[in-house]
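Notes follow the structure.
The values are calculated or read from the model by the stated rules, or taken from the named source; none is laboratory data. Since we're looking at a predicted model, the values are computed, not measured. Here the Cβ positions follow ideal geometry from the backbone for every residue, glycine too, while neighbour counts run over all protein chains shown. Ligands, DNA and RNA are stripped out before the accessible areas are found, and what is left, the full protein with its side chains, is counted by its heavy atoms. Shrake-Rupley method; radii C 1.70, N 1.55, O 1.52, S 1.80 Å.
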Amino acid sequence: MSTPIVARSARYGGGRMLWKQLTANRFTALAVACVVAIVLLALLAPWLAPDSPTSVHLSQRLSPPSARHWFGTDEVGRDLFSRILYGARISVGVGLGSVLLAALAGTLLGAFSGYWGRWADQGIMRLMDILLSFPSIVLAMALAAALGPNLLNAALAIAIVKLPVYVRLARAEALSISRQLFVKAARTFGLGSGWIVTRHIIPNLLPPIVVQITLDLGDTILLIATLGFLGLGAQPPTPEWGAMISVGWKYLLDQWWYPTLTGAAIFITVMSFNLLGDGVRDLLDPRRHEEGGRTS
Amino acid sequence: MTVQARDTRAVAAAEPILTLHQVQKRFLVRKRGIRVETVAADQVSFTVRRGEVFGLVGESGSGKTTLANLVMGLEAPDGGEISFCGRVIASPGRRPPFPYGDIQMVFQDPRSSLNPRMRVHQILTEPLRAVSPERRAQFGSEAALVELLGQVGLRPESLHRFPHEFSGGQRQRIAIARALVTRPKLVLLDEPTSALDVSVQAQVIQLLQSLQAEFGLTYVFISHNMGVVRYFCDRVGVLYRGRLVEVADTDTLFSAPSHEYTRRLLDAVPTWSHAGAERLVEEAPNGGV
Ligand SMILES: Nc1ncnc2c1ncn2[C@@H]1O[C@H](COP(=O)(O)OP(=O)(O)OP(=O)(O)O)[C@@H](O)[C@H]1O
Ligand SMILES: [Mg+2]
C-alpha cells in the first residue's frame, strides 16, 4: 500500500531519503555495510596489504596463518592476505566495469529499438533472443575462449552475456515512454531520434536499469571468478580469486586455509552484492516487491 | 463580452493561413490476424483564416487528433495536400520541408506532455532547437523566458522547477508557454482543458483568449465540449467518422445545424448550454491556478 509512495520518492527524491529506506531493512543494512567495507578494502589495498601480492618467498611457501601472514601463504610463499585484498580490486572493479558496459550498451540499444520499432527493433531483439538462448555460463566460456583468455576479454565476454537483459528492459520501458505525449511534443518541434532517445526516453527509464545493475553485480563477480577458475579469465600470477582457487583447491586437505579463505572472500562478496541488489530492487520496484509477498 | 470579442476580430475577410485539400488518411491495423482498415480522414477540406479560432468537434474516434497529427507533420497523408501560409507542408510521397516553430500544438494531458525529468527552463527552450539562431537567441534568453512565464501567469522562479511541482492547470500553462516560445502563427489545441478541473478549464480558456490577442495567434481548437466551443470558436467544423460533414460560423451551427449528425451532437450535451459556459467563465476566480 505504501510502496507507490516509496517508489515515487525514490524516483524523484534525494539520495538521503533513499539511503534511509535502504538501511531500514536489517539484511540490506548489513549488505550495505559489507559492500562499503569491501569497496574500501579494495580501494585501500596498496596501503593495507602487508606485502606485494606478487612477491615470491620460496622459503615460506604454504605457511599457515600467523601474526606475520594473517591468511598464510600460497605455494610460492606469496602473502595470501595481500593477494585477497588485491583480488577484491579486480573482482569489484572488473565486475562493476563489465556490468556498467553491458548497461550502457544495452540501454542505448534497447531505447533506440523501442523508439524506432519496425525492422531495427526486430533485428536487435532477434539478436538478443539468440544470445539469451545459451546458458549464460556456457556463452561466457565460449566468448572468453574465442576472444583469448585474459581478464579484459573475460570482462568483455560477461558484458556481452549480460547485454540482452538490459536491452529487453530498456526496450520495454522505451515502448511505454514513447507513447507519452512529451515524446510526441518533441517530434513536433522537429527534434531527431538521437535527441529524443537520449533526452526524453533514457532519463525516464534509468530507475529499473539501476536496479538491474545492482542485481547483476554479485552474479558478475561470480562469473569472473568462474572464468578465472577455468583458466579463461585472469592468468597467474594475477591475484584474481578464481584463478587463485584453481591452483589452491589442490591444497584443500593439507593447507585448508589457502582455498578456503579465498573461497570465503568470493562467497562474502557475492552474497553482499546480491543482498544489496535485492534491497534496492524492493525499494525501487514495487511490482516485484508485491509479487515477492514481502512487507517491510 | 463574448459578442464584443468576436466583433473585434474581423476574420471573415482575412486571408487563409491553413488549408486542407481533400486530405486522406487510412490506418491498417491487424486484429486477430485480419487486416482492418480505418479511414481516419476521408477527403477532408477546409480553410482556417488568419486570426480566427477554428473549432473541430466530433465524437471520440472521429479523426480530430489524426488531422492535428497530419498538420504537425507527425503522419504523412495518403492523399490530398496541406498548405500553411500558401506553402505545401504535407502531401503524399516526398516530404516537403516543415516550418518548425511556426505551427505548435498544445496537448490534452499536461501530466503526460511535459517530461518529468526536465526543468521548466529545458522544457521551454526545447522547441527553439529547430528554429533559426537569431530566433533562438531572441526568445531563448532567461529574460525572454521569464517574461513569457509572466504572460501565462507563472512566477519567474518556476523556470527552475520540475513539472511535478505544479498543479494540472499550471502545467497546462507551462505547455502553452512552450508552444508560444517560438512565436508561432498557428496553434493547434487538442482538447487542452479536458484533463483539467472544471474551474481551471475556464481560466485556461480565458488565458488562451488573451494570449491570442497578445501574440496575434490563430487557433485550431479541438474539443468534445460544445459549450466551450460555442463560447470560444468563430467557426466550427464537424467531423464524423473521418469525414467533415459541416463547416459553419459558430452561431449558425448552434442555431441552425444543417447536418443530422451535428444536431445529434448538440442534443447529446444539454448540460453545456451557451449560458452555462459563460457562467462558468464568469464565476471562475481571477487568481492564478
Ligand atoms: N496510429 C494509429 N494506428 C491505427 N489507428 C489509428 C492510429 N491513430 C488513429 N487511429 C484510428 O483513427 C481513428 C481516429 O482517431 P483519432 O485519434 O484521430 O480520433 P479523435 O477524434 O482524436 O478521438 P478522441 O476524441 O478520442 O481523441 C480511430 O478509429 C483510431 O482508432
Ligand atoms: Mg484525440
Express the carbon and sulfur contribution to the solvent-accessible surface of the protein assembly as shown as a percent, rounded to the nearest whole number, probe 1.4 angstrom. 58
Mean-position separation - Cα centroids, the range A:145-162 and the range A:33-47, in angstrom: 25
Scan of chain B for trypsin sites (Lys or Arg not before Pro) in DSSP loops with at most 11 other beta-carbon atoms within 10 Å gives a longest site-free stretch of B:95-289
Where the Cα atoms of chain B are projected onto their three principal axes, how long is each span, largest first, in whole Å? 50, 47, 46
Percent of alpha carbon pairs in the range A:52-152 separated by more than 17 Å? 69
Quickly work out the B:Asp249-to-B:Ser199 label distance, labels modelled 7 Å from Cα along the C-beta direction, and quote it in nm with one decimal. 3.7
Crossing angle, helix A:26-43 versus chain A [Cα axis fit, 0-90 degrees, rounded to tens]: 60
For chain B, the helices passing both cut-offs (Cα extent along own axis of 20 Å or more, Kyte-Doolittle mean at least 0.0, full DSSP H runs) are B:198-215
Out of the range A:15-115, which trypsin sites (Lys or Arg not before Pro) are coil in DSSP terms and have no more than 14 other C-beta atoms within 10 Å? A:Arg61, A:Arg68
Set B:Lys25/B:Lys64; A:Lys184/B:Lys185; A:Lys184/B:Lys25; A:Lys184/B:Lys31 screened for pairs whose C-alpha atoms are more than 23 Å apart: A:Lys184/B:Lys31
Treating only the Cβ of Lys, Arg, Asp and Glu as charged (+1, +1, -1, -1), what charge dipole size does the range A:41-284 show about its Cα centre? Round to the nearest 20 debye. 780
Over the alpha-carbon set of the range A:41-284, work out the extent along each principal axis and list the three values in angstrom, largest first. 75, 33, 27
In Å, the Kirkwood estimate of hydrodynamic radius for the protein assembly as shown over Cα pairs equals 28.2
Mind grabbing the interface size between A and B? I mean buried accessible area, both sides, 1.4 Å probe, in Å² to the nearest hundred. 2000
Rounded to one decimal in nm, the spacing of the 7 Å Cα→Cβ label points at B:His259 and A:Leu100 is 6.0
Output the antiparallel fraction of DSSP beta bridges having both residues in the protein assembly as shown, as a percent to the nearest 5. 60
Average partner coverage of B:116-123, which counts Cβ from other chains inside 10 Å: 3
Tell me, what is the FRET efficiency for A:Leu127 and A:Ala264 to the nearest 0.05, using R0 = 56 angstrom and their Cβ-Cβ distance as r? 0.90
Mind running the shape call on the range B:35-118? Use the C-alpha gyration tensor, a ≥ b ≥ c as the square roots of the eigenvalues: rounded below 1.5 for a/c, prolate if a/b tops b/c, oblate otherwise. rounded
Expressed per residue, the solvent accessible area of the range A:41-284 in Å² (1.4 Å probe) is about 43
